[in-house]
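So the structure is just underneath, and the comments pick up after that.
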Amino acid sequence: MTLSLDREIIYPDSDGQPMADNTLQYRWIVLIKENLELLFAENPEVFVAGDLLWYAVEGSPKIRLAPDVMVAFGRPKGDRGSYQQWKEGNIAPQVVFEILSPGNRLKEMVKKFHFYEQYGVEEYYIYDPDDNELTGLLREEDKLNVIEEMDGFTSPRLGIRFALTPETLEIYRPDGRKFLTMLELEQRVEQATQRAEQEAQRAEQATQRAEQEAQRAEQATQRAERLAAQLRALGIDPDSES
């Protein structure tokens with residue numbers, strides 16, 4: 001008896017590893033992923049994911065990585081259990097982000113670098129929030145080369161700009177708006193709503209004042225008309241100049 005060689009190959013949706021090692025790393029992953037979702041919300045052909053397994057080669061389920069954040073241009077939005085490249089028009093994610101934590105090991109980071117370089121990533125960004133260090137690599141032909149200066153650098157694919165302050169990394173959209181946490185976005189929405197309500201109240205008050213002024217003007221006109229009628233009753237022409 002011979003064993004079948006046609007058994008279905010399984011591509012698991014999970015590698016058993018946590019999305020993040022700590023709250024700081026998780027917060028940065030969510031910040032970048034969610035803001036990129038917002039940035040490309042109107043483009044149906046940009047797929048953004050966080051901690052999603054990317055299988056690069058059909059038939060080789062061990063050739064995989066789960067970038068903290070990845071962006072694939074030319075692929076439709078939608079839910080996926082994993083990113084199987086041969087099912088995605090053979091398009092590799094063009095941009096990936098890795099957020100470091102104290103648990104990251106040099107061997108692991110070297111493995112990720114070689115994977116991203118080999119399988120077509122165009123832009124690779126690594127941020128260490130503990131030491132506030134940002135590293136970027138940009139593809140030139142078949143190699144990922146380090147970007148010499150990241151402070152002020154603008155991603156060719158994403159159009160976002162990186163700014164390093166002494167305390168933290170700031171990321172700005174092409175229109176100059178800063179990447180914000182969901183809490184900060186909610187606070188901005190609440191503030192905008194309050195301002196809109198205040199403006200509506202001021203507009204209503206202005207309308208009421210205008211109506212009151214119109215009523216007073218109407219009342220003054222009516223008084224003048226009554227006075228003119230009384231004068232005419234006495235034989236006095238109120239329109240006479242003499």
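The values are calculated or read from the model by the stated rules, or taken from the named source; none is laboratory data. This is a predicted model, so every value here is computed, not measured. No Cβ is skipped: glycine too gets one built from the backbone with ideal geometry, and neighbour counts run over all protein chains shown.
List of remarks:
- Residue that is farthest from LEU53 (Cα to Cα) [pool: residues in the range 13-41 that are acidic (Asp, Glu) and not in a helix (DSSP H, G or I)]: ASP21
- Residues of the range 45-71 satisfying the condition of being aromatic (Phe, Trp, Tyr) and more than 11 Å from TYR11 (Cβ to Cβ): PHE47
- Filtered residues of the range 42-62 (kept if touching a residue at least 24 places away in the same chain (Cβ under 8 Å) and either assigned to a loop (DSSP other than H, G, I, E, B) or touching a Gly at 6+ places or on another chain (Cβ under 7 Å) (or both)): PRO44, GLU45, ASP51, LEU52, LEU53, ALA56, VAL57, GLU58, GLY59, PRO61
- When the strands (runs of 3 or more DSSP E) confined to the range 140-236 are screened for residues that are modelled with pLDDT of 85 or more and closer than 26 Å to ASN43 by Cα, those reaching at least 1 such residues are found at 161-164, 169-172.
- If you filter the range 81-106 down to residues that are of a type in the set (A, V, I, L, M) and in a loop (DSSP other than H, G, I, E, B), you find that the one that is surrounded by the fewest Cβ atoms within 10 Å (Cβ to Cβ) is ILE91.
- Checked against the criterion of being in contact with a Leu (Cβ under 6 Å, 6 or more places away or on another chain) and buried (at least 20 other Cβ atoms within 10 Å of the Cβ), the candidates TYR55, TYR124, TYR116 yield just one match: TYR124.
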